[in-house]
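Heads up, the thing below is written out as structure tokens.
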Amino acid sequence: MRSLMCVLFPVLFCSVQMTSSAPFSFHVENCCIAFTNVKIPLKLVVSYYHTSSNCPMQAIVFQTQKGKKHCVDPESTWVNSHKKVIYFKKLCDM
């Protein structure tokens with residue numbers, strides 16, 4: 001029994017050390033892995049948000065009336081015009 005404790009204690013101690021020194025992680029489910037190639041009709045878009053700066057690829061996510069989320073390239077001209085219209089719609093609704 002004593003020899004078993006002598007083996008388990010170092011294993012347990014090392015595993016605690018390894019988990020506590022792990023780097024902080026971020027939630028990948030909120031990141032985009034690819035952009036959509038389709039221009040989303042403005043009348044379907046209800047909101048948008050930017051992905052986290054922790055994500056490997058910066059994107060804008062448009063959410064449609066049906067709740068679908070589409071990752072789009074923030075550098076696209078149509079994306080910027082959609083953002084402006086949605087922003088001003090939100091201002092008018094306030």
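The values are calculated or read from the model by the stated rules, or taken from the named source; none is laboratory data. Quick caveat: nothing in here was measured; it's all calculated off a predicted structure. Every residue, glycine as well, gets a Cβ built from its backbone with ideal geometry; the counts of neighbours run over all protein chains shown.
Figures for the structure shown
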{"quantity": "Unique match (being touching a Leu at 6+ places or on another chain (Cβ under 7 Å) and modelled with pLDDT of 50 or more) among His50, His82", "calculated": "His82"}
{"quantity": "Residue in region 44-52 that is in contact with a Cys (Cβ under 6 Å, 6 or more places away or on another chain) and of a type outside the set (Phe, Trp, Tyr) present", "calculated": "yes"}
